[in-house]
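The values are calculated or read from the model by the stated rules, or taken from the named source; none is laboratory data. Everything numeric here is computed off the predicted structure, so don't read it as measured data. No Cβ is skipped: glycine too gets one built from the backbone with ideal geometry, and neighbour counts run over all protein chains shown. These area figures cover heavy atoms from the full protein model, side chains too; ligands, DNA and RNA do not enter into them. Shrake-Rupley method; radii C 1.70, N 1.55, O 1.52, S 1.80 Å.
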Amino acid sequence: MQTTQGVVLSDTEGVVWSADGQGVVKVGRTDDRVPNLEADGPRAAWVDNSAKVPAFVVLDQASGEVVSSELTNEQGMGTLRDEANPAVIFALDGDELYVRDPRGALAWNFVTDDERVLGAANGFTIDDVRSDKIAYSSEEQSDTGSTYRVGTDLLSGKGLPVWDGFELSPGTTYLLGEDEPDKAAVFNVATGQVIDANQAGYDFFAGFGWVDDDTFVGLGLNKPYDSTPVDLLTCDVAGPCEVTAAAIGSVDDGIVLPNGASIDG
């Protein structure tokens, strides 16, 4: 995961490392097969599965401070690889970590140690939280017929025609995602407008992050996806994209997105 201070990543053995340009240090552990990390500003968070009962951990790369919260249920929760009731980090927003614990979807303020239960976790999937705006899917349809919403809680919000959601823009004006499988789109949170984000000349385009509230970045890929070098593009929501850096690497080279996801075609 990319932070404003550097990168926090996990290796194949589940060791979590912090790299800030001054060095690389071991800072914790997470699931070796299904890592679960999130970042916001100088902070990164992960689920620590090294103990019998999983814990949520937050690292501030600027100060080096680490805060953790062990889950409170006596039985504990499973890791992400377990099918039943795993501990999950959904998103990190300022001083709050959005997680799933035995009570459901929870917002934990790791500075004040306050907690807010948001809803039954099995009924919701939270993709991103920005400035208290929650982008989530639920099992219940909104008044627009959509099961995807952006709101301040898990009971209401504007319904959007989202198939898969990724990341809210800094001002929460837009949401990056897909309106159909493998079809990139930008969604206007207030109006529900769908803006096609696919780029001519590429077999597949993946938008993954924001520069500011009107500018996002993504990767353009062509077949064969594993070996063909990808391009880094910068895009204006209301205009075209430009290639910022060409042929920066391929899937075979091990290229990953700064949000921790691999490019697997």
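Looking only at region 45-56, how many residues end up being assigned to a loop (DSSP other than H, G, I, E, B) and either touching a residue at least 60 places away in the same chain (Cβ under 8 Å) or not small (Gly, Ala, Ser) (or both)? Talk me through it step by step, then tell me what you get.
Our first condition is that a residue be assigned to a loop (DSSP other than H, G, I, E, B); within region 45-56, this holds for 49-54.
With either touching a residue at least 60 places away in the same chain (Cβ under 8 Å) or not small (Gly, Ala, Ser) (or both) added as a condition, the list becomes 49, 52-54.
Total satisfying the criteria: 4.
Would you be able to say whether some residue in region 144-155 is touching a residue at least 24 places away in the same chain (Cβ under 8 Å), surrounded by fewer than 18 Cβ atoms within 10 Å (Cβ to Cβ), among the acidic types (Asp, Glu) and under 23 Å from Arg103 (Cβ atoms)?
Yes, there is a match, as at least one residue in region 144-155 is touching a residue at least 24 places away in the same chain (Cβ under 8 Å), surrounded by fewer than 18 Cβ atoms within 10 Å (Cβ to Cβ), among the acidic types (Asp, Glu) and under 23 Å from Arg103 (Cβ atoms).
Residues that are among the hydroxyl-bearing types (Ser, Thr, Tyr), at least 3 per element: which strands (runs of 3 or more DSSP E) completely within region 108-160 meet that?
Details: elements: 115-119, 124-130, 133-138, 148-151, 158-160.
Fully inside region 108-160 and qualifying: 133-138.
Can you go through Pro42, Pro35 and tell me which one is of a type outside the set (A, V, I, L, M, F, W, C), out of contact with any helix residue (DSSP H, G or I) (no Cβ under 6 Å at 6 or more places or on another chain), farther than 17 Å from Glu96 by Cα and touching a residue at least 24 places away in the same chain (Cβ under 8 Å)? Give the derivation first.
Details: Pro42 fails: farther than 17 Å from Glu96 by Cα.
Matching residue, one of Pro42, Pro35: Pro35.
Which of the residues that make up region 12-32 are touching a residue at least 12 places away in the same chain (Cβ under 8 Å) and not in a strand (DSSP E or B)? Before you say what the answer is, go through the steps one by one.
We begin by selecting, within region 12-32, every residue touching a residue at least 12 places away in the same chain (Cβ under 8 Å); these are 12-16, 18-21, 27-32.
Passing the criteria: Thr12, Glu13, Gly14, Asp20, Gly21, Thr30, Asp31, Asp32.
Residue-by-condition table, conditions (1) more than 18 Å from Ala91 (Cβ to Cβ); (2) in contact with a Leu (Cβ under 8 Å, 6 or more places away or on another chain); (3) open to solvent by 30 Å² or more (accessible area, probe 1.4 Å):
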| position | (1), (2), (3) |
| --- | --- |
| Ala19 | yes, yes, no |
| Arg29 | yes, no, yes |
| Asp32 | yes, no, yes |
| Leu37 | no, yes, no |
| Arg43 | no, yes, yes |
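Would you point out the residue of region 45-64, among those that are surrounded by fewer than 21 Cβ atoms within 10 Å (Cβ to Cβ) and of a type in the set (A, V, I, L, M), that is modelled with the lowest pLDDT?
Ala51
Conditions (1) open to solvent by 20 Å² or more (accessible area, probe 1.4 Å); (2) more than 27 Å from Asn188 (Cβ to Cβ), marked per residue:
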{"site": "Gly94", "(1), (2)": "yes, no"}
{"site": "Val99", "(1), (2)": "no, yes"}
{"site": "Val111", "(1), (2)": "yes, yes"}
{"site": "Asp127", "(1), (2)": "yes, no"}
{"site": "Asp132", "(1), (2)": "yes, no"}
